[in-house]
Amino acid sequence: MALKGLKGSELTFHIALYALCAVIFVIILYPLYFIVIASFSDSTLVSTGKVLFFPKGTSLFGYKEIFQDSRVWTGYRNTLFYTLFGTLVNMLFTMPAAYVLSRKEFKARRPIMFLFVVTMFFNGGLIPTYLLMKDLHITNTFWVFILPFCVNIFYLIIARTFFETALPAELYEAAVMDGCSHFMYFAKVALPLSKALISVIGLYYLVGHWNDFFTGLIYIRDNNLQPLQIVLRDILLSNQVFQNGAGTGGGAASGGYAQRYADQIKYGVIIVSSLPILMLYPFLQKYFEKGVMIGSVKG
């Protein structure tokens with residue numbers, strides 16, 4: 001055990017540190033746990049504070065209402081496609097660009113990097129961007145989720161810094177002596193040594209695509225192309241209307257009925273939209289921990 005061999009103030013410090021970490025862990029974890037149990041508990045009991053640690057008045061009505069809507073399955077299909085294909089395109093553009101911009105022998109790398117960085121501070125705004133997408137004929141198509149924002153400049157800078165600092169120049173020199181071109185060195189040496197970087201940046205891109213709400217709201221009118229986030233939003237809005245309508249015109253009993261199931265659907269929507277990403281994190285955790293150390297001082 002980590003506390004063995006510790007005495008006096010040092011032992012007290014470690015116990016206090018573990019206790020503080022446990023409290024922080026509970027503070028972070030409990031809201032997630034509460035949403036899970038509230039999603040299939042009686043919303044009347046939830047709103048009155050009677051559901052704290054265990055579900056009460058268990059009902060799966062909220063999940064039934066969500067999953068019996070065919071739009072949810074269409075949204076899942078679309079979002080999975082946008083997420084996987086979009087992340088693949090993101091990485092195909094970001095990693096080679098970062099490698100090229102990291103090479104000191106590439107003379108134009110600083111002017112090009114400057115142009116990239118400028119886009120982080122200045123953009124044309126929503127209306128010019130929409131008109132551009134319309135002129136490119138990619139509005140109301142799946143390409144609007146993939147092509148316009150295929151490189152995140154912040155992630156590009158992280159990747160470029162990694163290639164500059166984490167891969168020794170002597171490694172490239174040895175590869176050149178063995179007959180490697182830049183393409184071969186990038187594919188067979190740089191990428192295999194960059195698994196942590198690829199995993200972390202890929203995860204960031206993937207989460208960004210999964211949570212992308214604004215693109216579908218602005219550029220997509222075809223319901224068959226809408227991502228899951230827009231579909232869940234429509235379900236929430238329709239249930240909000242049902243809740244308000246029943247509460248004003250249907251009397252107290254129907255108002256309570258509407259509130260009960262509208263809240264269940266609200267919590268269920270949070271679970272449905274978040275669970276796939278939460279399930280993915282544990283498999284990438286070890287790479288994520290390594291990726292956090294990118295750019296740090298090595299001992």
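The values are calculated or read from the model by the stated rules, or taken from the named source; none is laboratory data. Keep in mind the model is a prediction, meaning the values are calculated, not measured. All Cβ positions, even for glycine, are placed from backbone atoms using ideal geometry, and neighbour counts span all protein chains on display. Each accessible area value is taken on the protein alone, full model and side chains, heavy atoms only, with ligands, DNA and RNA left out. Shrake-Rupley method; radii C 1.70, N 1.55, O 1.52, S 1.80 Å.
Per residue of the range 9-19, in order, report the coupling 6.51 cos²θ - 1.76 cosθ + 1.60 (Karplus, θ = phi - 60°) as ³J(HN,Hα) in whole Hz, putting x for Gly and Pro.
Whole-Hz 3J(HN,Hα) from phi for the range 9-19: 5, 5, 5, 4, 4, 5, 5, 5, 5, 5, 5.
Under a point-charge model restricted to the Cβ atoms of Lys and Arg (+1) and Asp and Glu (-1), what is the dipole moment magnitude of the range 113-244 relative to its Cα centre, in debye to the nearest 20?
Numbers: 6 positive and 8 negative charges, 60 e Å.
That gives the range 113-244 a dipole magnitude of about 280 debye.
Expressed as a rounded percentage, what relative contact order does the range 1-142 have, with Cα pairs under 8 Å and six or more residues apart? Mind showing how you got there, number by number?
Working: 43 pairs, mean separation 14.5, N = 142.
It comes to 10 percent, rounded to a whole number.
Let me cross-check Arg233: its accessible surface, 1.4 Å probe, with only protein heavy atoms counted, in Å² to the nearest 10?
Number for this one is 90 Å².
What percent of all Cα-Cα pairs in the range 30-143 falls in each 5 Å bin, counting up from 0?
Bins of 5 Å from zero give 2, 8, 9, 9, 11, 11, 9, 9, 10, 9, 6, 3, 2, 0 percent of pairs.
Given 0.36 nm per residue, what is the gain on full extension from Phe25 to Val207 after removing their alpha carbon distance, in nm? Mind dumping the intermediate values first?
Values: separation 182, 0.36 × 182 = 65.52 nm, distance 2.24 nm.
Gain on extension, Phe25 to Val207, equals 63.3 nm.
Using only protein heavy atoms and a 1.4 Å probe, report how much of His182 is accessible, in Å² to the nearest 10.
That residue has around 70 Å² of solvent-accessible surface.
Estimate the FRET efficiency between Thr165 and Arg110 by the formula 1/(1 + (r/R0)^6), using the beta-carbon distance for r and 25 Å for R0, to the nearest 0.05.
On the way: r = 17 Å, r/R0 = 0.68.
The pair Thr165/Arg110 has a calculated efficiency of 0.90.
Short version: ³J(HN,Hα) in whole Hz for each residue of the range 100-113, in order, from phi by Karplus 6.51 cos²θ - 1.76 cosθ + 1.60 (θ = phi - 60°), x for Gly and Pro, what are they?
4, 6, 8, 7, 5, 6, 7, 5, 8, 5, 5, x, 5, 5
What ranking, highest mean first, results for peptides 193-199, 275-281, 67-73 when packing means the other Cβ atoms within 10 Å averaged over each residue? All intermediate terms of the calculation are to be shown ahead of the outcome.
Values: 193-199: 18.4, 275-281: 11.9, 67-73: 13.7.
Output ranking for 193-199, 275-281, 67-73: 193-199, 67-73, 275-281.
Full-extension gain between Ala187 and Asp69, please, as 0.36 nm times their residue separation minus the C-alpha to C-alpha distance. Please report the intermediate quantities before stating the final value.
Values: separation 118, 0.36 × 118 = 42.48 nm, distance 4.47 nm.
Contour length minus Cα-Cα distance gives 38.0 nm.
Could you tell me the distance between the Cα centroids of the range 145-169 and the range 22-63, to the nearest Å?
Computed from Cα coordinates, the inter-centre distance equals 40 Å.
For a label point 7 Å from the Cα of Tyr130 along Cα→C-beta, name the residues of the range 69-84 whose backbone N is under 12 Å from it.
none
Please turn the phi angles of the range 171-185 into ³J(HN,Hα) values with the Karplus equation 6.51 cos²θ - 1.76 cosθ + 1.60 (θ = phi - 60°), one per residue in order, whole Hz, x for glycine and proline.
Calculated HN-Hα couplings, in order: 5, 5, 4, 5, 5, 5, 5, 8, x, 7, 8, 4, 5, 5, 5 Hz.
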